[in-house]
Amino acid sequence: MTVLPRQLTRLTDATLACGTKVDIEITGDTVTAVVPAGTLGTPRAAVAASAPAAGAAADSVLNLDGFLVLPAPAEPHAHLDKALSWDLIDPPMGDLVLAIESWKAYSAEMTTASIADRARQQALAMLSNGTTAIRCHVDILHGDDPMRGVRALVQVRQELAGLLDLELVALAGPTAPDALVHEAIDLGVDLVGGAPHLADDPDGDLRRLLAIAAARGIGVDMHTDESLHGPVTMRTLTEVVRDWPATQPVTAGHCVRLGTLEPEELDEIVAEIVRSDVGIVTLPITNLYLQGWEHPVSTPRGLTAVRALLDAGVRLGAGADNVRDPFNPVGRSDALETASLLVTAGHLTLDEAYAAVSTGARSVMSLPAAGPVVGARAELLAVRGVNLSDVVANASADRYVIHAGRLVAHSEVTRHVAVPAAAPQNQNLPLPTPSPTASILETR
């Protein structure tokens, strides 16, 4: 394997989610052909995925026999500035209020360098698992230097340019002055964000942040109604942004409150979401953790109304939100974990769940269409597996990650498994009988 990144021109013997085996041609950052395997012919320089490269021509062709090729995941709602801080903080487990208190105390001591180090480590972990685009909410912090996090993430974005796409959202709490939001925009954040449901006047804080975005001509991505009870600000959001141009995209994340509404009220609000073309992001792992602590019996799931939103035609993305910080002590930095949770807790189909973490997430993030489709951007994830259920269930670590037509990450597993000495007496199937110390060496 040559040093990454590595420009690719052709993928051979790949399996699509529908089961078809294909060859895929890539020109620059775009998929230019998807044909039955072998139709394009196998160049002499082609190199098997497990074999070492043999020159520039060989390096540009990747054989994916045994791999499913999918649109690469995109993460529509991350907090890279918070990521990987759980062990540093050692916070109490609990709900959103406890998490906020723990984070606020710790963040007062953070430096720009320490934030950048954790953010970079987390972004690369996500990239290694297949995520090639990330939208990161970054706190406007308290104290004498509230732009520490913004500067850190702008730096990380510059460092990772060419490896993944990183969008930044200024997360302005209810007490963050307007001037600081403008300063964050001037430093390079792409969108205005906040958590108006935490304000004393949720509608007022939401309108304040929307007015800043409108004045600056940029989009918004709001933490919206992240609670099982309380006010519903979604009505105000859809009303204010209804006539915004497409150049100012609108996203609402969490939206937990929608999952607790009665059908009639829910249908009314979902219709307004459709009219205003607001993209919705569901965040199962964090909201399953944070929500419902006050309900020890019949604990609610803490998800937004994913089925009603999808059935109505709303653009739905899904992400992990927090990873190993006070808001979520676990997480594997893997979009397949999010997809699996959407199947289990959200009752989505496998196709719907994977679309939410890939094509749906990219739509919410206003990114170009991607995947193994002619004309689409060559943002691809190849995972060892026979079909989508296998890939989502087992989440093999054997992966190839392609960003803008270039191989940017490659992982493979070597596994040793003991072989049973003999078959059970009640089983008639013939089995080999190696010595008890024999092992299986699986190199992928």
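The values are calculated or read from the model by the stated rules, or taken from the named source; none is laboratory data. Treat the numbers as computed from the prediction; the structure is a model and nothing was measured. Glycine gets a Cβ as well: all are built from the backbone with ideal geometry, and neighbour counts include every protein chain shown. Keep in mind that these areas ignore ligands, DNA and RNA; they rest on the heavy atoms of the full protein, side chains included. Shrake-Rupley method; radii C 1.70, N 1.55, O 1.52, S 1.80 Å.
Is there a residue in segment 214-224 that is surrounded by 19 or more Cβ atoms within 10 Å (Cβ to Cβ), touching a Cys at 6+ places or on another chain (Cβ under 6 Å), closer than 18 Å to HIS77 by Cβ and not small (Gly, Ala, Ser)? Before the answer, list the steps.
Initial filter on segment 214-224 (surrounded by 19 or more Cβ atoms within 10 Å (Cβ to Cβ)): 219-224.
From the residues that got through so far, the ones that are touching a Cys at 6+ places or on another chain (Cβ under 6 Å) too are 224.
Within this subset, residues satisfying the condition of being closer than 18 Å to HIS77 by Cβ are 224.
From the residues that got through so far, the ones that are not small (Gly, Ala, Ser) too are 224.
Yes.
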Seminar exercise, completed: Sole miss for PRO300 among (1) surrounded by fewer than 24 Cβ atoms within 10 Å (Cβ to Cβ); (2) assigned to a helix (DSSP H, G or I) is condition (2)
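Can you list the strands (runs of 3 or more DSSP E) lying wholly within segment 1-75 that have 3 or more residues being in contact with a strand residue (DSSP E or B) (Cβ under 7 Å, 6 or more places away or on another chain), open to solvent by less than 20 Å² (accessible area, probe 1.4 Å) and modelled with pLDDT of 95 or more? Even if it seems obvious, please write down each step before you answer.
On the way: elements: 10-15, 21-27, 30-36, 61-63, 67-71.
Answer list for segment 1-75: 10-15, 21-27, 67-71.
Only one residue in SER340, SER358, SER333, SER366 is farther than 20 Å from ASP390 by Cα and among the polar types (S, T, N, Q). Which one?
Numbers: SER340 fails: farther than 20 Å from ASP390 by Cα; SER358 fails: farther than 20 Å from ASP390 by Cα; SER333 fails: farther than 20 Å from ASP390 by Cα.
Result of the check over SER340, SER358, SER333, SER366: SER366.
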For this session: Six or more apart or on different chains, Cβ under 7 Å: which pairs go from a residue in segment 331-352 that's in contact (Cβ under 8 Å) with a residue 60 or more places away in the chain and over 11 Å from LEU283 (Cα atoms) to one that's surrounded by fewer than 21 Cβ atoms within 10 Å (Cβ to Cβ) and small (Gly, Ala, Ser)? Could you list them?
Result: SER333/ALA125; ASP334/ALA395; LEU336/ALA395
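Report, by residue number, each residue of segment 202-242 that is without any contact (Cβ under 8 Å) to a residue 60 or more places away in the chain, under 29 Å from GLY292 (Cα atoms) and outside any helix (DSSP H, G or I). Talk me through it step by step, then tell me what you get.
First pass over segment 202-242, keeping only residues without any contact (Cβ under 8 Å) to a residue 60 or more places away in the chain: 202-218, 220, 222, 224-225, 229-242.
From what's left, under 29 Å from GLY292 (Cα atoms): 202-207, 209, 220, 222, 224-225, 229-238.
Scanning segment 202-242 gives VAL220, MET222, THR224, ASP225, HIS229, GLY230, PRO231, VAL232, THR233.
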Exercise. How do the pairs read when you match residues in segment 147-174 that are closer than 21 Å to ALA404 by Cβ and of a type outside the set (A, V, I, L, M, F, W, C) with residues anywhere that are open to solvent by 30 Å² or more (accessible area, probe 1.4 Å) and not in a loop (DSSP other than H, G, I, E, B), using Cβ under 7 Å and keeping only pairs 6 or more apart or on different chains?
Worked result: GLU159/ARG120
Problem set entry | Positions within segment 159-181 being part of a helix (DSSP H, G or I) and either among the hydrophobic types (A, V, I, L, M, F, W, C) or out of contact with any strand residue (DSSP E or B) (no Cβ under 9 Å at 6 or more places or on another chain) (or both), in sequence order | GLU159, ALA179, LEU180, VAL181
